[in-house]
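**Q** The structure follows.
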Amino acid sequence: QTRSSFIQHYYQLFDNDRTQRGIIYIDASCLTWEGQQFQGKAAIVEMFSSFPFQKVQHSITVQDHLPTPDSCIVSMAVGHLKADEDPIMGSHQMFLLKNINDAWVCTNAMFRLALHNFG
């Protein structure tokens, strides 16, 4: 339940108020976004606020979650997104979630658009 709730909360913040996304990261968090690495809550929040689109809508079609030996959770969200008037694009995002002071935070994440052409 926690895992699905986190994913839902994450994308609700992303789609409705990217400025609030900092609440799910900590100062030690790391994020790889389309191959670019960002470390720390401030750098991650700054990256999100620099996106050129005005509106975005995510649709998550499948989620997978695994517990880790150190009581964390690895989550994978697959779906698609639509930004402004751009075409719909597939996306994949992985999260490493950790419970700190009775709150689940994202310590590590990776994101990629599914734009690669195999053939």
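**Q** Using 0.36 nm per residue, how much length does the chain from F111 to M89 gain when fully extended, once their Cα-Cα distance is taken away?
**A** Contour length minus Cα-Cα distance gives 6.6 nm.
**Q** At 222 nm, what value in deg cm²/dmol follows for the chain if DSSP H runs of at least 4 each add -39500 (n - 2.57) and the sum is divided by all its residues, to the nearest 500?
**A** Details: 2 runs with 24 residues, N = 119.
Roughly -6500 deg cm²/dmol at 222 nm, from the helical runs in the chain.
**Q** Place +1 on the Cβ of every Lys and Arg and -1 on the Cβ of every Asp and Glu in the chain, take the dipole about the Cα centre, and give the residue among M94, V56, A114 whose Cα lies farthest towards its positive end.
**A** The one lying farthest along the dipole's positive direction is M94.
**Q** Computing the accessible area with a 1.4 Å probe over protein heavy atoms, can you report the carbon and sulfur percentage for the chain?
**A** Working: 3760 of 7260 Å².
Here it works out to 52 percent.
**Q** Below 8 Å between Cα atoms, with a sequence gap of 6+, how large is the relative contact order for the range 2-119 in percent? Before the final figure, lay out each step's value.
**A** Numbers: 213 pairs, mean separation 27.5, N = 118.
Worked out over the range 2-119, it gives 23 percent.
**Q** Same structure, new question: Relative contact order (percent) for the range 69-119, with alpha-carbon contacts under 8 angstrom and 6 or more residues of separation?
**A** Values: 81 pairs, mean separation 16.2, N = 51.
Relative contact order for the range 69-119 comes out at 32 percent.
**Q** Can you tell me the dipole magnitude for the chain around its Cα centre, using point charges on the Cβ only (Lys, Arg +1; Asp, Glu -1), in Debye to the nearest 20? Can you show the working numbers first?
**A** Working: 8 positive and 11 negative charges, 21 e Å.
With Lys and Arg at +1 and Asp and Glu at -1, about 100 debye.
**Q** If we count every other residue with Cβ under 15 angstrom of Q54's Cβ, Lys/Arg +1 and Asp/Glu -1, where does the sum land? Kindly include the intermediate steps, with their values, before the conclusion.
**A** On the way: positive: R18, K55, K82; negative: D15, D17, D84, E85, D86.
Surrounding charge for Q54 is -2.
**Q** Right, here's the next one. Take each of the peptides 15-28, 50-63, average the number of other beta-carbon atoms within 10 Å over its residues, and list them starting from the highest. Please report the intermediate quantities before stating the final value.
**A** Working: 15-28: 14.3, 50-63: 11.8.
Taking the mean over residues of other Cβ atoms within 10 Å, the ranking is 15-28, 50-63.
**Q** Can you give the accessible area of H65 in Å² (nearest 10), computed on protein heavy atoms with a 1.4 Å probe?
**A** 50 Å²
The values are calculated or read from the model by the stated rules, or taken from the named source; none is laboratory data. Predicted, not measured: the structure shown is a model, and the values here were computed from it. Positions of Cβ are generated from backbone atoms using ideal geometry, with glycine treated the same way; all protein chains shown enter the neighbour counts. Side chains are part of the model used for accessible areas, which takes the heavy atoms of the whole protein and leaves out ligands, DNA and RNA. Shrake-Rupley method; radii C 1.70, N 1.55, O 1.52, S 1.80 Å.
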